[in-house]
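A short worksheet on the structure shown next.
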Amino acid sequence: MKSKMKDKITVTGFLLIPVILLILFSYYPLYKLFQISLSNWNGMSPDIKIIGFDNYKEVLSGKEYLSSIWNNMAYVITAIVQQFVGLFLAILLDSNLKLKKTFRAIIFMPYIINGVAVAFMFNYMYDFTNSPINMILKVIGLEEHVIRFISLDYSSNFALSFISFWKYVGFTMVIFLAALQSISREVYEAARVDGAGFFSLIRHITFPNIKNMFQISILLSINGSLQAYLEPFVITKGGPNGRTATVIVKSLELAFQYNKFGKAAALGVILLFIILAIVVIQRTFLKESDK
Amino acid sequence: MMNMRIIPIRKNKNSVSSENTSTFTISNPIGKFFCYLLIAFLILLVFAPLAIILNISLKENSEYMAKGVYALPENIFNFSNFINAYKLGGFGEGFMNTFLLVFFSVPIAIVFGTMVAYALGRFDFKLKKLLFAAFLFPTFVPTMTVTIATFTLIKNLGLYNSFLAGIILYIGTDIMQIYIFLQFINQIPIALDESARIDGASRLKIYYSIILPQLKPAIATTVILKLLGIYNDFFTPYMYMPKIKTAATSLNTFAGDRMADWPLMSAAIILIAIPTILIYIFLQNYIISGVTDGAVK
């Protein structure tokens, strides 16, 4: 048999099953999602009847759906803050401080702890009567200032998004550390010889060199924050009165509690487009700044 | 027949943990002091919740009610909460099922991932670019947004509430893995493949006797990350196989009424958190460099 033929057989054989799985579990659901979003399917009837864009109209004009997007913004803001804290920590722990490797390892640790365990842990921290934080406030005489972490206020969303900050800030730091360490030491040395101070080094060497990584990191974090689900699911179930329901919480509630799969899918598609739009904007921005 | 020497591959030189030099120098002693202070605060932020949880997990509920959060436990060897949590949560079953999911899906994922990387890294063919893009695109499609459709698919395939649902969803090849493997494959000299071919080795043989052994470090990293991912994943089992309790979903059985028993709850949290913390203590270098390699590429 010719070598070319053998190559072909090998490539086909090696790629066949992974590609089938890819199509079946990555691409087909995408098609299915669009199809369901255009229907009033209840999740059970055998055929899916297309009704057009009604679901989108209802979702985009319904206050409860828009408020879930609004609730989700708290997570996005937290994700952006997380970038700056992560970068700051990376710079701090790429300096001459002692024990910095141990510090890095500790700050990264929450990343590997089970998310449900973390959410339960914070559920205790946020419990109004039992909160260890409020206990301290009471002891030091700030009884009137005890915190109602989960309330009717919008701040509840920040309390919940802080949990993912706690879990992922070390991850962001580690990504930036990798970026910082890929910059050659000589560049810094040369600048130092020229008399550049700390802030000048950061501005003229560090920032331009980690720009791409910054884009990747912020994309990963925003992507994750828009899909926030576990914290509200475990701690508030989206309550009180939908005030902490994120888009995913709302979507799953629509599907599995009210059998409105069509509307749930439409909400999914809208979120998908928001995320894809962010990706596209970033990519073009990234390309432009490279020129 | 193949007595060729395998050239060892250096570990990725950018990995965070292997670096020991510093980029920045803080010389001002006051500045340095505040830096340490800030880091101390952050370390406290990481450890305080864990320490509080550990502290109350060793107390009887009555003891907790009487003495509060911060009093040290009367008997630090009081593991009754752990025993009760283990039984009530059905953690034995949960750990076993998680183990089975890992046992079946991780090896398959590794085989598929390395095969795809081998095909894309060593052969030229027409649709190569398209395939690359095809594997890349799903990374931009957030999995949670497609849940409704994936759920429908799993139901229609008759996989709902079966082990196979979890296994199939976990073996999916993602581009991060492919990139990590490709990086290593590109470092293996093609001359090795060619001389093996002249010796009459088939492509399959080259894959498992030349390529796979060289991928060992990448495979080790992927195994650890996959294992952590599956162990920590709550959503997949909760959504697609709710009747099969895993480590994460068995912890969730404590939601609701039992939440009033905080010591018991804390013990349950620790039981689920401990295994990955132990893995992290021993394998942190692999984990940190794996996580960064995946994100950077």
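Shape verdict for chain B, please, from the Cα gyration tensor: rounded (a/c under 1.5), prolate (a/b greater than b/c) or oblate. Intermediate values should be presented prior to the final figure.
Working: a/c = 2.40, a/b = 1.48, b/c = 1.62.
Since a/c reaches 1.5 but b/c is at least a/b, the shape of chain B is classed as oblate.
Projecting the Cα atoms of A:198, A:173, B:167 onto the charge dipole of the protein assembly as shown (Cβ charges, centred on the Cα centre) puts B:167 farthest toward the positive pole. Dividing the radius of gyration of the alpha carbons in segment B:48-139 by their Kirkwood radius gives 1.37 for Rg/Rh.
With the convex hull constructed from alpha-carbon coordinates only, segment A:1-154 shows a mean projected area of 20.3 nm² over all directions. Axis of helix B:175-187 versus longest Cα principal axis of chain B: the two differ by about 50°, to the nearest ten degrees. Segment A:58-113 and segment B:104-160 have their alpha-carbon centroids 28 Å apart. About its Cα centre, the dipole of the protein assembly as shown is roughly 1640 debye, where the only charges are +1 on Lys and Arg Cβ and -1 on Asp and Glu Cβ.
Going down the list B:59/B:245; A:167/B:245; A:167/B:243; A:32/B:126; A:63/A:250; A:57/A:250, which pairs span over 19 Å between their C-alpha atoms? From the list (B:59/B:245; A:167/B:245; A:167/B:243; A:32/B:126; A:63/A:250; A:57/A:250), the Cα-Cα distance tops 19 Å for B:59/B:245; A:167/B:245; A:167/B:243; A:32/B:126.
Once you have the alpha carbon radius of gyration of chain A, what is it after dividing by 2.2 N^0.38 Å, with N set to its residue count? Don't skip to the answer; put the middle values down first.
Details: Rg = 24.1 Å, N = 291, 2.2 N^0.38 = 19.0 Å.
So the Cα radius of gyration is 1.27 times the expected 2.2 N^0.38 Å.
Taken over segment B:88-178, the alpha-carbon convex hull comes to 125 cubic angstrom per residue. Just so you know, the Rg over Rh for segment B:26-78 is 1.28, from Cα atoms, with Rh as the Kirkwood radius. Element breakdown for segment B:82-296 at a 1.4 angstrom probe: carbon and sulfur atoms account for 68% of the accessible area. A P(r) calculated from all alpha carbon pairs of the protein assembly as shown, with 10 Å bins opening at zero, reads 3, 15, 24, 26, 19, 9, 3, 0, 0 percent. Give the shape of segment A:65-152 as rounded, prolate or oblate, defined through the alpha-carbon gyration tensor: a ≥ b ≥ c are the square roots of its eigenvalues, a/c under 1.5 means rounded, and otherwise the shape is prolate if a/b is larger than b/c and oblate if not. Oblate.
Report the charge-dipole magnitude of chain B in Debye, nearest 20, computed about the Cα centre from +1 at each Lys and Arg Cβ and -1 at each Asp and Glu Cβ. Each step should come with its number before you reach the end.
On the way: 22 positive and 14 negative charges, 180 e Å.
Taking the Cα centre of chain B as origin, the dipole is about 860 debye.
Once you order the gyration tensor axes a ≥ b ≥ c over the Cα atoms, which shape class does segment B:157-297 get: rounded for a/c under 1.5, otherwise prolate or oblate by comparing a/b with b/c? Walk me through the numbers on the way to the answer.
Numbers: a/c = 3.65, a/b = 2.08, b/c = 1.75.
Note, shape of segment B:157-297 comes out prolate.
Rounded to the nearest 10 degrees, what's the angle between the helix B:29-57 long axis and the longest principal axis of chain B, both from Cα atoms, 0 to 90? Roughly 70 degrees between the two axes.
The slack in the chain from residue A:34 to residue A:241, taken as 0.36 nm per residue of separation less the alpha-carbon distance, amounts to 71.6 nm.
The values are calculated or read from the model by the stated rules, or taken from the named source; none is laboratory data. Since we're looking at a predicted model, the values are computed, not measured. Quick reminder, even Gly has a Cβ in these numbers, built from the backbone with ideal geometry, and neighbours come from all protein chains shown. Remember, those area values only see protein heavy atoms, side chains included, never the ligands or the DNA or RNA. Shrake-Rupley method; radii C 1.70, N 1.55, O 1.52, S 1.80 Å.
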